[in-house]
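See structure below.
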Amino acid sequence: MARKKEEKEAIVENIFGQPLDDLMGEKFKIYAKDVILDRAIPDARDGLKPVQRRILFCMFDKGYTIDKPTKKCAHIVGDVMGNYHPHGDSSIYEALVHMSQKWVSNMPLIDFQGNNGSIDGDGPAAYRYTEARLAALAGELLRDIDKQTVDMALNFDDSLEEPVVLPGRFPNLLVNGADGIAVGIATAIPPHNLKEVIGAVIHRIKYPECNLETLLNYVKGPDFPTGGIIYANESLKDIYLKGKGKVTIGSRTEIVTEKNLTQIIISEIPYRIKKTALVKEIDQIRFDKTIPGIDEVRDESDKEGTRIVIDLKNDAKADAVLGFLLKKTSLMTSYSANMVAIVDGHPKTMDLISYLDCYIQHQLDVVTRRCNYLLEKYKSRLEIVQGLIKAISVLDEVVAIIRASHDKADSKKNLMNRFHFNEPQVEAIVTMPLYKLSNTDVQVLVEEEKKLTEDMKELKTILSDQSKKDEFIINDLRDVAKRFGIDRRTEIKDEEEAVSQVDIDKRDLIAVEDTYVVATRDGYIKRSSVKSWRGSGGQNGVLPGLKEGDAFVYNTLLRTTDIILAFTNKGNFLYIPVNEIKETKWNEEGFHVSSLVPIQPGERLIHLFGVRKFRDDLYIVLLSKLGSIKRCVLSSFQVVRRSKPVCAMKLTPSDEIVGVTLTSGNSDLLVCSSEGKGSFYNENEVPITNPRTGGVKAGKFHGKDLATILSFLPEERDKVLLITDKGCTRIFDISRLDRIKRTQKSSVLFNSFLKEPHKLVFASKTKGKDLPYTFRGYLTNGENKEFLFEDFYVTPMEKYAKKPD
């Protein structure tokens, strides 16, 4: 007969609808909480993240302490992962190595054997090759953990118990610092000096109402394991006042000169900076020739410490090179502190006082629980000792009762009924060896009873007296500081010293050499070496390369350390260091100035000055086409931001600059109009203003356009070369003009027929020009024209300007 099929019950699915936003928000909160509390942020009490705490506890539990041989890291990682931290071997080994690195941890908690990486960023050897054990100081974090001083919780599979926090008998959070990134929160706690932090804790215990200023006498600032120099400012105090702040860290450097060789020696570098990356930064500057003074960069570091050597060239200024490197490389960097730790199960930004109070409260809890544990232990032992002493006093009767009993349990029952012993006492009596019945051992029990009574009395005193607890904690901390404390590694200096180091004259970094600088009206500029100038025939009058239709406005021998002030027709000036102008051959056209400083389309260069020093006794006078003039001190044209044109004279939209000249402070000015009129007056007729202002009226020219301006030193009497738009040339003697007031009527420089008016297009002093003198002019149609002056005889005024034959 066929077997009847069993009917299966239908499965009913319980599906509950929930908006995706709510679901994701709820699950993300759970994830974020786990990351913050169980992974990335340390506990304020012991300064450890969960993985670090589990590693230390597992090694302590397994006996991998400083007094035992080192153990294979693979074994340690396996123990931790199998018993306490099932999150992957790489994270456990990384945390283990991190706690052993002397350039990361101020006081390493792991004693490591083998390759644990390097300050160069090298990774550690695989854990099958390395060994480790707890460092001596780590024992202070775990001391008395077996005395029920901290809460224990079940591990991930409920098979073992692990500590929620370690006793932490020194303030590890500040001593070793911490870094971590969680969800929406991060921590960056700098390491500090052990003796300084312990000093602050002791002072806070003694004087609970003390202020931050007093505590800062102990905690002067972070103390990084790599040393270096902290340049203190107000932000340093903010770290301890607000829990957030930023400090500048500089390398420790020294300039050494031996046997005509100058070197910069770097012996300490900023915290968290990879040494190889720093060396590469410096060597890249040498390779790119960003500054010319570096000859070679070497890393001579060894087991004795860091040593980076920078060889300098003979003509280099060591202070300037060092200042540049501090400013442009990781030789000087900043550290942003954000002291976030877990307090009462929640992340909290901690200032110095709140951290010290949290740590002190934790130590009070540890001491209280330790005393309670020992008190119970001593109390139990005292009962046993007293029972043994009582049993020995009635030994014959005790022996008789035991002999008359059937077994151990019956013996214990009969003794309890006869002498009223408790369970622990009778257990100790029936298991006591016979040799303990000697007079010597009886006396030992009496002394032990006395010792236990005294110890219990002391423990009760500590538990009932707050000052005794404080004294106990202070003595413990002083002992740790005495045994493990070291001197401060990181020096603290005033921020002004950092500013003085990096605040250098950039011209000190430039190799000083002569160079020819050429600029054209349309904005092309270049510099050429003296060698190129000679090789291309410059000494024989060969002109530099020029774009067709363009015209020269500047051609002068300067130094690479000089500054060019280039004035444009739009009333701006360009601030250009000579060394930043691209070097080309003499016969090439050069590069447009926009590659250095952007200018507007149609903006032309009018005049350039090479400045070696921005003096206060020299002046620049600017003249506009519509009749405005202004005077500024040369030093007022020195700028810091030079990435764009700077205003030299405020103009109306239809106006433009037609002339710029340099004066001595008492020079005479000749202002020329395009109609051939001139006004001759002292420069002090023009008030001194700032570059960004407008000018004053240049003279009485009846609204005619102005053409140019010339300056003459006091008592200088020179001739002026004039050229008109019709090609007429004239020589004018400046001594014909009398000095007048700026607002007085102008004088005639040349006469022309009304039916054939001439416009002045060029004026120049004849001083310094050799005869015969050839002037090359460029016409508006792009053609060039030469004007030959065989002599500089003055042109008679009665000789009218007319078109040349």
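The values are calculated or read from the model by the stated rules, or taken from the named source; none is laboratory data. What you see is a predicted model; the values in this text were computed from it and never measured. No Cβ is skipped: glycine too gets one built from the backbone with ideal geometry, and neighbour counts run over all protein chains shown. The accessibility values were calculated without ligands, DNA or RNA, using every heavy atom of the protein model including side chains. Shrake-Rupley method; radii C 1.70, N 1.55, O 1.52, S 1.80 Å.
Scanning segment 232-280 for residues that are within 19 Å of Tyr335 (Cβ to Cβ) and open to solvent by 60 Å² or more (accessible area, probe 1.4 Å) gives Glu234, Lys237, Leu241, Lys242, Lys244, Lys246, Arg252, Arg272, Lys274. Looking across segment 467-502, the residues that are in contact with a Lys or Arg (Cβ under 8 Å, 6 or more places away or on another chain) and among the small types (Gly, Ala, Ser) come down to Ala481, Gly485. Taken together, Met107, Met59, Met24 contain a single residue that is open to solvent by less than 90 Å² (accessible area, probe 1.4 Å), over 37 Å from the mean Cα position of the chain (by Cα) and either more than 30 Å from Leu356 (Cβ to Cβ) or in contact (Cβ under 8 Å) with a residue 60 or more places away in the chain (or both), which is Met59.
A single entry from Asn193, Asn217 fulfils the requirement of being surrounded by fewer than 16 Cβ atoms within 10 Å (Cβ to Cβ) and polar (S, T, N, Q): Asn217. Annotation: of all residues in segment 565-596 being closer than 30 Å to Leu706 by Cα and among the small types (Gly, Ala, Ser), the one that is nearest to the chain's Cα centre (by Cα) is Ser594.
Cβ separations smaller than 8 Å between residues 6+ apart or across chains give the following pairs from segment 274-286 residues that are without any contact (Cβ under 8 Å) to a residue 24 or more places away in the chain to residues that are open to solvent by less than 50 Å² (accessible area, probe 1.4 Å): Asp283/Val297; Arg286/Ile294; Arg286/Val297. Total residues in segment 770-797 satisfying the condition of being outside any strand (DSSP E or B) and without any contact (Cβ under 8 Å) to a residue 40 or more places away in the chain: the figure is 10. Can you give me the number of residues within segment 681-710 that are surrounded by 20 or more Cβ atoms within 10 Å (Cβ to Cβ) and part of a strand (DSSP E or B)? Total satisfying the criteria: 6. Candidates Asp396, Asp319: the one that is farther than 30 Å from Val201 by Cβ, open to solvent by 20 Å² or more (accessible area, probe 1.4 Å) and in contact (Cβ under 8 Å) with a residue 24 or more places away in the chain is Asp319. Out of segment 639-656, which residues are of a type in the set (A, V, I, L, M) and open to solvent by 90 Å² or more (accessible area, probe 1.4 Å)? Val640, the sole residue that qualifies. Specify the residue that is nearest to the chain's Cα centre (by Cα); the eligible residues are those in segment 686-743 that are closer than 18 Å to Phe567 by Cβ and among the small types (Gly, Ala, Ser). Once the filter is applied, the top-ranked residue is Gly694.
For beta carbons closer than 8 Å, sequence separation of 6+ or different chains, a first residue in segment 466-477 that is within 12 Å of Ile360 (Cα to Cα) and a second that is open to solvent by less than 30 Å² (accessible area, probe 1.4 Å) and basic (Lys, Arg), the qualifying pairs are Leu477/Arg169. Restricting attention to segment 529-564, the residues that are in a helix (DSSP H, G or I), of a type in the set (S, T, N, Q) and more than 48 Å from the chain's Cα centre (by Cα) total 2.
Only one entry of Arg631, Arg642 meets the criterion of being touching a strand residue (DSSP E or B) at 6+ places or on another chain (Cβ under 9 Å), of a type outside the set (A, V, I, L, M, F, W, C) and modelled with pLDDT under 90, and that entry is Arg642.
Against the numbered list (1) on the phi < 0 side of the Ramachandran plot; (2) open to solvent by less than 40 Å² (accessible area, probe 1.4 Å); (3) out of contact with any Ser or Thr (no Cβ under 7 Å at 6 or more places or on another chain), Asp514 comes up short only at (2).
When the test is whether a residue is under 20 Å from Ser711 (Cα atoms) and touching an Asp or Glu at 6+ places or on another chain (Cβ under 6 Å), Leu618 does not pass it. Are there any pairs, at least 6 apart or on different chains, whose C-beta atoms fall under 7 Å, with the first in segment 39-55 and free of Cβ contacts under 8 Å to residues at least 40 places away in the same chain and the second of a type in the set (Lys, Arg), and if so, which? So the pair list comes out as Pro50/Arg39.
Looking across segment 556-603, just one residue is surrounded by 19 or more Cβ atoms within 10 Å (Cβ to Cβ) and of a type in the set (Lys, Arg), and that is Lys570.
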